[in-house]
Amino acid sequence: MSGELFWKIVFYGSAGTGKTTIIDTLHRKTLENPDYNLEPTGQVTKIAKASGATLYFDRGIFQSRIQTNIFYHIFTVAGQENLAPLRKKILDGVDAIAFVFDGQRSMLDRNLKSLDELKETLGPALIHDIPVLILINKQDLPDSLKQEDVFEIFSRPNFPISQKELEHQNFVGFFETCALYSKEMNICSSFIELIEQLSTDPKLIPKHLIQKI
């Protein structure tokens with residue numbers, strides 16, 4: 001159909017941060033609740049190991065309930081270190097990033113390594129041209145990192161994302177989240193804020209349209 005717009009959004013992060021659980025919960029919650037301006041079309045596609053760990057990627061397609069010509073293609077990346085080339089391929093043509101920051105303090109080094117990789121791959125386009133939100137996941141666990149903890153980490157000298165970038169309009173913000181369906185926290189609301197940023201900034205154009213021009 002002519003006039004359809006497709007935004008590509010990638011959930012990025014190291015292995016085990018909850019990316020697949022997030023897309024599953026987002027799918028179920030938006031399917032059940034018509035108050036969200038988002039409706040899944042079909043099922044989530046998963047390419048996983050027998051253990052359940054993502055082997056290549058997960059993919060879900062969502063449609064705006066109000067502007068029905070707008071679709072959001074959502075991908076997750078496999079976080080295993082040996083799959084870095086695949087992650088770079090999945091980032092090709094990305095329009096927005098949801099970085100899943102594992103709230104477990106023991107996972108801090110893996111979070112930072114994943115963020116370094118993301119910034120190295122996308123360079124200055126990250127935030128400046130590609131909106132970003134940070135999900136501080138696993139808030140159901142005891143002693144998980146909070147928004148102020150992660151903000152302090154991002155404030156350290158020589159951090160991949162600068163303070164100036166955090167003040168950019170395309171930085172959607174930090175969100176404390178729980179991806180579990182029964183304990184869902186800020187999964188849907190944070191995603192809605194991300195897609196609203198895509199919709200309201202006139203400078204942002206889906207990458208597949210730019211490639212055709």
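The values are calculated or read from the model by the stated rules, or taken from the named source; none is laboratory data. A quick note: this is a predicted structure, and the numbers were derived from the prediction, not measured. Methodologically, a virtual Cβ is constructed for each residue, glycine included, from the backbone with ideal geometry; neighbour enumeration extends over all protein chains shown. The area values use the complete protein model at the heavy-atom level, side chains included, leaving out ligands, DNA and RNA. Shrake-Rupley method; radii C 1.70, N 1.55, O 1.52, S 1.80 Å.
Check each of the trypsin sites (Lys or Arg not before Pro) in region 104-209 and keep only those in coil by DSSP with at most 10 other C-beta atoms within 10 angstrom; list them in order.
Details: sites: 105, 110, 113, 119, 138, 146, 164, 183, 203, 207; in loops: 138, 146, 203.
Of the trypsin sites (Lys or Arg not before Pro), the ones in loops of region 104-209 whose Cβ has at most 10 other Cβ atoms within 10 Å are 203.
Is there a quick way to get the dipole size of the chain? I mean about its Cα centre, with the Cβ of Lys and Arg at +1 and of Asp and Glu at -1; what is the value in debye to the nearest 20?
640
Under a point spin-label approximation (7 Å from Cα along Cα-to-Cβ), what is the residue 89-residue 28 distance to one decimal in nm?
Roughly 3.1 nm, to one decimal.
Number of Lys pairs in region 20-172 with C-alpha atoms less than 23 angstrom apart, excluding same-chain neighbours closer than eight positions?
Summing the qualifying lysine pairs gives 19.
Can you give the accessible area of residue 116 in Å² (nearest 10), computed on protein heavy atoms with a 1.4 Å probe?
Solvent-accessible area, nearest 10 Å²: 80 Å².
Which lysines, on any chain, are close to residue 203 with Cα under 18 Å apart, when same-chain ones fewer than 8 places away are left out?
Cα-Cα hits under 18 Å: 8, 212.
Report, in deg cm²/dmol and to the nearest 500, the calculated mean residue ellipticity at 222 nm for the chain, where each DSSP H run with n ≥ 4 adds -39500 (n - 2.57) and the sum is divided by the residue count. Walk me through the intermediate numbers first.
Values: 8 runs with 72 residues, N = 213.
Using -39500 (n - 2.57) per qualifying helix, the result is -9500 deg cm²/dmol.
Got a number for the accessible area of residue 41? Probe 1.4 Å, square angstrom, nearest 10.
50
Mind checking the log10 I(q)/I(0) for the chain at q = 0.08, 0.11, 0.17 Å⁻¹? Debye, one equal scatterer per Cα, no solvent, two decimals.
-0.25, -0.49, -1.26
Keeping all protein chains in position, work out how much accessible area residue 129 exposes to a 1.4 Å probe, and write it in Å² to the nearest 10.
Taking all protein chains as shown, residue 129 has close to 80 Å².
Of all beta bridges DSSP finds with both residues in the chain, what is the antiparallel percent, to the nearest 5?
So the antiparallel bridges in the chain amount to around 35 percent.
Pop a pseudo-label 7 angstrom from the Cα along the beta-carbon direction at both residue 168 and residue 156 and give the gap in nm to one decimal.
Spacing of the two 7 Å Cα→Cβ label points: 2.2 nm.
Compute the accessible area per residue over region 82-213, keeping the other protein chains in place, probe 1.4 Å, unit Å². Please report the intermediate quantities before stating the final value.
Numbers: 6590 Å² over 132 residues.
I get 50 Å² per residue for region 82-213.
Roughly what would the spin-label model give for residue 41 and residue 183, points 7 Å off Cα along C-beta, in nm?
That separation, rounded to one decimal, is 3.5 nm.
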